[in-house]
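The block underneath contains the structure these notes are about, expressed in structure tokens.
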Amino acid sequence: MIGNYLKIIFMLRNSIFYLLIISLFSINSSCIPVKIAPNIDTHRVMLAKKFKRKLPRETSFIFEDPKDAYAFYDYVNTKFQLKHQNVGLNTPFQIEGKTYYLNYKEAEKTTNVVNLPLILIDAKRSSNGNSSLFENSYVSRKGQWYLVLSVHDDNFKNCLLDDYENQDRVIDYLEYMRQEYLNTENYKELHLTQQ
């Protein structure tokens with residue numbers, strides 16, 4: 001009879017130990033994402049306002065920008081030889097002899113993560129009368145920048161809408177620009193390849 005009690009106590013002790021290990025592991029790895037920035041492999045054609053509320057309500061070509069700030073400005077300025085005049089504001093370009101106008105905006109979306117272990121440690125310290133150590137680290141934030149391009153024709157029609165007659169050609173051109181931008185380090189090289 002005493003042997004049975006010892007077995008039960010031993011089993012309970014082992015299960016409490018395993019429960020403690022599982023609890024510590026889950027608390028330690030419980031960084032909870034509150035907001036997640038999307039991963040865009042190539043591009044998305046969508047309503048810009050759905051992508052980010054502060055953007056205009058127009059269909060746009062959106063892609064991730066891993067480069068430094070103002071790199072796309074330099075690319076557009078150099079590619080279209082704008083001499084820093086109205087860069088990204090109705091920048092004219094041609095596809096098969098027809099003129100289109102490019103506008104772009106930069107937009108940041110963030111990934112916010114709540115660090116639950118740090119909150120729990122500070123809560124325990126506070127309950128013991130100690131000051132918190134990680135107060136400024138409860139939420140970690142990592143930003144990702146995106147470029148939002150829109151294209152209009154001479155009649156101010158959005159060329160990225162599904163019912164636009166040359167939508168495919170415009171999207172192909174913007175995809176070509178995206179790849180050229182991401183693969184070019186020195187934008188002055190663009191003049192050599194365009195001639």
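Just name the residue that is nearest to TYR176 (Cα to Cα) out of those in the stretch 57-68 that are part of a loop (DSSP other than H, G, I, E, B) and in contact (Cβ under 8 Å) with a residue 60 or more places away in the chain.
At the first step, the residues of the stretch 57-68 found to be part of a loop (DSSP other than H, G, I, E, B) are 57-58, 65-68.
Retained after the next criterion (residues that are in contact (Cβ under 8 Å) with a residue 60 or more places away in the chain): 58, 65-67.
Values: GLU58: 21, ASP65: 15, PRO66: 17, LYS67: 17 Å.
By that ranking, first place goes to ASP65.
Could you list, in sequence order, all residues of the stretch 113-135 that are among the polar types (S, T, N, Q) and within 30 Å of the chain's Cα centre (by Cα)?
Restricting attention to the stretch 113-135, the residues satisfying the condition of being among the polar types (S, T, N, Q) are 115, 126-128, 130-132.
Hit for the stretch 113-135 is ASN115, nothing else.
Please enumerate the residues belonging to the stretch 133-161 that are surrounded by 16 or more Cβ atoms within 10 Å (Cβ to Cβ) and not acidic (Asp, Glu).
Kept after step one, since they are surrounded by 16 or more Cβ atoms within 10 Å (Cβ to Cβ), are these residues of the stretch 133-161: 144-153, 158-160.
Within the stretch 133-161, GLN144, TRP145, TYR146, LEU147, VAL148, LEU149, SER150, VAL151, HIS152, ASN158, CYS159, LEU160 meet the criteria.
Just to be sure before I move on: is TYR176 closer than 24 Å to LYS50 by Cβ, at pLDDT 85 or above and of a type in the set (Phe, Trp, Tyr) in the structure I sent?
Spelling it out, it is not the case that TYR176 is closer than 24 Å to LYS50 by Cβ, at pLDDT 85 or above and of a type in the set (Phe, Trp, Tyr).
Checking GLY88 against (1) of a type outside the set (D, E, K, R); (2) at pLDDT 90 or above; (3) in contact with a helix residue (DSSP H, G or I) (Cβ under 7 Å, 6 or more places away or on another chain), which test does it fail?
Among (1) of a type outside the set (D, E, K, R); (2) at pLDDT 90 or above; (3) in contact with a helix residue (DSSP H, G or I) (Cβ under 7 Å, 6 or more places away or on another chain), GLY88 violates only (2).
Restricting to the stretch 33-50, and then to whatever is farther than 15 Å from LEU174 by Cα and part of a strand (DSSP E or B), can you tell me which residue is modelled with the highest pLDDT?
Among those residues, the one meeting the criterion is LEU47.
Condition first: without any contact (Cβ under 8 Å) to a residue 40 or more places away in the chain and loosely packed, with under 14 Cβ neighbours inside 10 Å. Now tell me which residues in the stretch 91-125 satisfy that.
PRO92, GLN94, GLY97, GLU108, ALA123, LYS124
May I ask you to list the residues in the stretch 83-100 that are hydrophobic (A, V, I, L, M, F, W, C) and not in a strand (DSSP E or B)?
Answer for the stretch 83-100, where residues must be hydrophobic (A, V, I, L, M, F, W, C) and not in a strand (DSSP E or B): VAL87, LEU89.
Is it the case that VAL113 is farther than 30 Å from TYR75 by Cβ and not in a helix (DSSP H, G or I)?
In short, yes.
For the stretch 132-162, how many residues are over 28 Å from ARG57 (Cβ atoms) and of a type in the set (Ser, Thr, Tyr)?
Residues that pass the stated criteria total 4.
What single numbered condition from (1) loosely packed, with under 15 Cβ neighbours inside 10 Å; (2) in contact (Cβ under 8 Å) with a residue 12 or more places away in the chain fails to hold for ARG53?
With respect to (1) loosely packed, with under 15 Cβ neighbours inside 10 Å; (2) in contact (Cβ under 8 Å) with a residue 12 or more places away in the chain, ARG53 is out only on (2).
Output yes when any residue across the stretch 162-173 is surrounded by fewer than 16 Cβ atoms within 10 Å (Cβ to Cβ), more than 23 Å from ILE40 (Cβ to Cβ) and either touching a Phe, Trp or Tyr at 6+ places or on another chain (Cβ under 7 Å) or at pLDDT below 80 (or both), and no when none is.
Taking every residue of the stretch 162-173 in turn, none turns out to be surrounded by fewer than 16 Cβ atoms within 10 Å (Cβ to Cβ), more than 23 Å from ILE40 (Cβ to Cβ) and either touching a Phe, Trp or Tyr at 6+ places or on another chain (Cβ under 7 Å) or at pLDDT below 80 (or both).
The values are calculated or read from the model by the stated rules, or taken from the named source; none is laboratory data. Just so you know, these numbers come straight off a predicted model, no measurement behind them. In this analysis, Cβ positions are derived from the backbone assuming ideal geometry, glycine residues included, and neighbour counts consider all displayed protein chains.
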